[in-house]
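What follows is a short report on a single structure.
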Amino acid sequence: TPQGTGSGSGLTAMPSVGQPQRVEGENKTISSTRTNRILEVGDLKLEVEPNTVILVGCKPGAMADLKQGVKIKAAYEVKEPNRTVATVIEVES
C-alpha cells in the first residue's frame with residue numbers, strides 16, 4: 001500500500017468520494033489534449049489529469065510509466081456523459 005504497511009493493490013488504499021468505478025486491462029493507445037493524456041483500456045477512454053495518482057508496483061510512478069501495451073488497473077469517475085477521469089492508475093510491474 002502507499003503507506004508502506006500491508007499488501008495488495010494501491011487502489012484499495014486510496015480514499016474516494018462515492019464509489020469509483022474500476023477497469024483493468026492493457027493500455028491500447030495513448031493520445032493527448034492540451035492538458036491531459038488519454039489512455040484507452042478495453043472500450044473505455046480514461047483521461048489522466050495532473051492530480052491522477054500513478055503507482056508502479058505500489059510505489060509512486062509518473063506519466064512516463066503509462067506506455068502503450070502495459071497492463072493497468074484504474075479507478076475512475078464519470079465527470080460528464082462522455083468524460084471519464086482516472087483517479088488512480090496502477091501499472092503492473
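Can you pull the one-decimal nm distance between simple spin-label points at VAL78 and LYS59, each 7 Å off the Cα toward Cβ? Label-label distance for VAL78 and LYS59, simple model: 3.7 nm.
Remark: spin-label model distance GLN68-ARG34 equals 2.6 nm, labels positioned 7 Å along the Cα→Cβ axis.
Computed over protein heavy atoms with a 1.4 Å probe, the carbon and sulfur contribution to the accessible area of the range 18-72 reaches 48%.
Near LYS45: Cβ cut-off under 12 Å, other residues only, Lys/Arg at +1 and Asp/Glu at -1. The net charge is 0. Probing with 1.4 Å while keeping every protein chain in the model, the per residue accessible area of the range 15-77 equals 64 Å². Put a dot 7 Å past the Cα of ARG22, heading toward its Cβ, do the same for GLU49, and the two dots end up 2.2 nm apart.
The values are calculated or read from the model by the stated rules, or taken from the named source; none is laboratory data. Fair warning: this is a prediction, and the values are worked out from it, not measured in the lab. Quick reminder, even Gly has a Cβ in these numbers, built from the backbone with ideal geometry, and neighbours come from all protein chains shown. Side chains are part of the model used for accessible areas, which takes the heavy atoms of the whole protein and leaves out ligands, DNA and RNA. Shrake-Rupley method; radii C 1.70, N 1.55, O 1.52, S 1.80 Å.
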